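Let me begin by presenting the structure, written as structure tokens, before commenting on it.
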Amino acid sequence: MESPPKVGQEIQRLRQEHNFTLDQLAAKSGVSKSILSQIERDLSNPTLATIWRITKALESPLENVLAVKGGTTCFEKLSRNATPEVTSEDNGFRLRILGTLDTVSSVQWYEFNAEPSAELDSESHGKGSLESITLCSGNLTVKIGDELQSICAGETLRYHTDLPHHLKNEGSLEAHGFMVNLL
């Protein structure tokens with residue numbers, strides 16, 4: 001079984017770079033001094049929310065702490081359970097985040113499953129953004145403004161995402177596919 005990434009050394013480096021004591025970082029982040037000490041010594045496996053609070057206090061991007069350091073290995077292998085997943089408000093649309101933190105500002109890619117009638121609302125991804133869905137099984141509709149387009153298994157649909165858009169599984173079976181966002 002693969003271990004989670006060690007973040008303690010980088011957090012300690014950033015804390016020292018800011019000339020913060022453990023007490024000062026604890027006060028600024030809301031994470032207790034004892035937990036911070038355990039994290040820095042890699043004796044604790046902090047949650048993503050805890051790391052986020054620490055990186056916000058250190059004014060450092062989260063991805064800098066979580067990024068795999070160059071030169072340490074040729075591969076980064078994640079188990080199914082270690083691959084981050086997000087869900088829609090109705091919990092019927094599940095997106096596994098396949099992209100890396102290094103590319104999140106320009107390219108995002110996901111594997112998704114959508115239960116029958118599941119819906120996913122997305123805000124604009126910014127001017128000039130493009131989304132591409134390849135459906136492996138099932139049926140989906142994509143609605144942008146007043147326009148509606150259907151897609152079924154084996155098809156790929158590309159569309160601009162500079163406006164809010166809505167995806168829905170219109171079929172009676174679960175839909176499965178891949179989504180890529182170019183930002």
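No lab work stands behind these numbers, since they all come straight from the coordinates. Predicted model only: the values in this text are computed from it and were never measured. Note that we place each Cβ from the backbone using ideal geometry, even for glycine, and neighbour counts take in every protein chain shown.
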When the chain is treated as a GNM, springs tying every alpha-carbon pair under 10 Å, which of Val142, Val31, Val107 comes out with the largest mean-square fluctuation?
Val31
Extended-chain gain in nm, criterion 0.36 nm per residue less alpha-carbon gap, Arg13 and Ser137
40.0 nm
Length-normalised contact order of the chain, Cα under 8 Å, at least 6 apart, in percent, tallies to 18 percent
Computed from the beta carbon distance with a Förster radius of 45 Å, FRET efficiency for Gln24 and Ser172 to the nearest 0.05 stands at 0.20
What nm value, rounded to one decimal, do you get for the distance between Glu89 and Tyr159 when each label is placed 7 Å out toward the C-beta?
1.8 nm
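Taking the Cα centre of region 83-182 as origin, sum charge times position over the Cβ atoms of Lys and Arg (+1) and Asp and Glu (-1), and report the length of that vector in debye to the nearest 20.
Numbers: 6 positive and 16 negative charges, 52 e Å.
It comes to approximately 260 debye.
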Taking all pairs of different Cα atoms in the chain, averaging 1/r and flipping that mean, what Kirkwood radius in angstroms comes out?
18.7 Å
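Specify whether the C-alpha gyration tensor of region 83-182 places it in the rounded, prolate or oblate class, a ≥ b ≥ c being the square roots of the eigenvalues: rounded for a/c under 1.5, otherwise prolate if a/b is larger than b/c and oblate if not. Mind showing how you got there, number by number?
Working: a/c = 1.57, a/b = 1.19, b/c = 1.32.
Cα axes put region 83-182 in the oblate bin.
Run lengths n ≥ 4 of DSSP H only: what is the helix-derived mean residue ellipticity at 222 nm for the chain, with -39500 (n - 2.57) per run over all residues, to the nearest 500? If you can, show how the numbers build up before the last one.
Values: 5 runs with 41 residues, N = 183.
That calculation yields -6000 deg cm²/dmol at 222 nm.
For region 97-183, which GluC sites (Glu not before Pro) pass both filters: DSSP loop (anything but H, G, I, E, B) and at most 12 other C-beta atoms within 10 Å?
Glu123
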Out of Lys28, Lys77, Lys56, any idea which swings most in a Gaussian network model of the chain, alpha carbons joined below 10 Å?
Lys77
